[in-house]
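The structure under discussion appears below in the form of structure tokens.
The values are calculated or read from the model by the stated rules, or taken from the named source; none is laboratory data. Because the structure is predicted, anything quoted here is derived from the model rather than measured. Note: ideal-geometry Cβ built from the backbone for every residue, glycine included; neighbour counts use all protein chains shown. Heavy atoms of the whole protein, side chains included, go into the accessibility calculation; ligands, DNA and RNA do not. Shrake-Rupley method; radii C 1.70, N 1.55, O 1.52, S 1.80 Å.
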Amino acid sequence: MEPTARWATEDMILVENLEHAYGDFKAVDGISFSVKKGEIFSFLGPNGAGKSTAINVLITLLPLQKGKAMIAGYDVTRNPQQVRESIGIVFQDITLDREMTVWEMLEFHGRLYNMPVKERRERIGELLKLVQLESKRDEFAKKLSGGMKRRLEIARGLMTRPLVLFLDEPTIGLDPQTRMRMWEYIKGVNREGTTIFLTTHYMDEADQLSDRISIIDHGKIVVTGTSWELKNTLGHDVIYLETDNNVRAQTLLENFPAIRAIKPKTKGFNLIVTEDGTKVLPGIIDHLRAAQIEITTINLKKPSMDDVFVFYTGKEIRDEDQTPARARFMLSGRR
Ligand SMILES: Nc1ncnc2c1ncn2[C@@H]1O[C@H](COP(=O)(O)OP(=O)(O)OP(=O)(O)O)[C@@H](O)[C@H]1O
Ligand SMILES: [Mg+2]
């Protein structure tokens with residue numbers, strides 16, 4: 001069957017004003033974004049942000065209620081079968097059938113997708129090597145450790161070498177070493193031509209793995225950009241201070257020039273500054289000293305993904321005046 005609409009653009013994922021509600025509750029509240037062929041794109045968001053709901057609509061597991069979603073040029077509502085044939089999926093919750101062995105799981109999956117026997121067998125061999133489960137090929141899935149199950153789940157997602165691979169929290173619950181190895185696998189699959197969409201609540205995962213990131217909170221995309229862009233739009237530097245009166249110090253700095261946001265930390269607070277920190281810092285020190293506040297620790301650094309995340313989703317940030325910058329950035333995120 002011919003696709004009803006094949007997109008001339010390089011967009012592998014195109015989502016416009018997507019909404020999904022459970023009863024009255026809008027878990028996904030009007031999101032729009034696109035992912036180009038060959039990109040690794042992440043949804044970074046806290047628990048309950050709507051990441052899995054969005055992914056489940058895109059993979060045709062949940063019905064599209066409102067808006068538009070195209071995967072590999074196919075409309076999820078009109079051509080769900082073609083969408084399914086174009087994608088691979090690694091679910092957040094482990095879905096492995098426990099009554100099968102590792103090898104049988106992959107074999108079954110390949111047959112499900114009508115892979116020729118030779119290709120199927122070769123791929124299984126490759127993948128077992130890739131996720132380091134060769135020695136477990138005849139083990140029942142239920143006997144694997146959590147991390148091994150995760151790796152098997154990932155191998156299964158890669159069986160069909162899809163155009164677009166959806167990974168919902170791919171490294172959740174894995175140890176740091178395995179997580180990093182997983183990132184390398186994912187990058188390798190991407191290099192071979194697969195476009196990747198992943199969700200995560202790990203800052204470092206989004207930061208190190210993705211070409212572009214959308215921060216999602218309460219069902220809405222708050223900001224989109226490359227890691228570099230996100231950190232740069234936030235501000236120039238982050239100044240960390242500890243003083244003998246943090247509460248008073250923060251109040252005193254509230255309207256200080258070049259301070260865009262103040263973020264309390266356990267023992268001190270962060271100042272996000274819009275100019276070179278080394279130039280702003282002397283004025284800040286003088287201002288606090290004049291008020292008899294003693295500074296015990298000073299630290300100057302570039303904004304991290306964590307700073308970006310807190311800035312765009314955190315409640316304690318005074319960001320009322322940042323709306324134009326945000327809106328501008330969201331537009332620039334969709335190229
Ligand atoms: N089947 C459902 N019925 C009702 N509410 C649901 C259902 N699934 C999810 N929700 C709610 O929708 C919101 C978004 O959930 P979702 O699973 O999409 O978030 P998430 O970003 O994937 O979170 P996590 O990081 O915990 O995986 C949450 O408030 C959740 O409680
Ligand atoms: Mg989820």
Of all residues in the stretch 141-194, which are on the phi < 0 side of the Ramachandran plot and acidic (Asp, Glu)?
Glu153, Asp168, Asp175, Glu184, Glu192
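Answer yes or no as to whether Glu85 is out of contact with any helix residue (DSSP H, G or I) (no Cβ under 9 Å at 6 or more places or on another chain), among the charged types (D, E, K, R) and in a helix (DSSP H, G or I).
On the way: out of contact with any helix residue (DSSP H, G or I) (no Cβ under 9 Å at 6 or more places or on another chain): yes; among the charged types (D, E, K, R): yes; in a helix (DSSP H, G or I): yes.
The answer is yes for Glu85.
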Here the residues within the stretch 33-49 that are within 8 Å of ligand 1 (Cβ to nearest atom), touching a residue at least 40 places away in the same chain (Cβ under 8 Å) and open to solvent by 10 Å² or more (accessible area, probe 1.4 Å) are Pro46, Asn47
Given (1) within 16 Å of ligand 2 (Cβ to nearest atom); (2) open to solvent by 50 Å² or more (accessible area, probe 1.4 Å), where does Thr251 come up short, assuming only one miss?
(1)
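Run down Thr199, Thr195 and say which single residue is buried (at least 23 other Cβ atoms within 10 Å of the Cβ), closer than 25 Å to Lys66 by Cβ, assigned by TED's automatic domain parsing to the domain that holds Thr60 and away from ligand 1 (no atom under 16 Å from the Cβ). Steps first, please.
Values: Thr199 fails: away from ligand 1 (no atom under 16 Å from the Cβ).
Of Thr199, Thr195, the one residue that is buried (at least 23 other Cβ atoms within 10 Å of the Cβ), closer than 25 Å to Lys66 by Cβ, assigned by TED's automatic domain parsing to the domain that holds Thr60 and away from ligand 1 (no atom under 16 Å from the Cβ) is Thr195.
Rundown of residues vs (1) part of a loop (DSSP other than H, G, I, E, B); (2) out of contact with any strand residue (DSSP E or B) (no Cβ under 7 Å at 6 or more places or on another chain), yes/no style:
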site: Thr266; (1), (2): yes, yes
site: Ile293; (1), (2): yes, no
site: Asp307; (1), (2): no, no
site: Val310; (1), (2): no, no
The condition from (1) open to solvent by 40 Å² or more (accessible area, probe 1.4 Å); (2) out of contact with any His (no Cβ under 8 Å at 6 or more places or on another chain); (3) part of a strand (DSSP E or B) that Trp103 misses is numbered (3)
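Identify the residue in the stretch 17-49 that is touching a helix residue (DSSP H, G or I) at 6+ places or on another chain (Cβ under 6 Å) and within 16 Å of ligand 2 (Cβ to nearest atom) and, among all such residues, is farthest from Ile216 (Cα to Cα).
His20
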Tally of residues being within 16 Å of ligand 2 (Cβ to nearest atom) and either over 20 Å from Phe25 (Cβ atoms) or open to solvent by less than 50 Å² (accessible area, probe 1.4 Å) (or both) across the stretch 50-82:
11
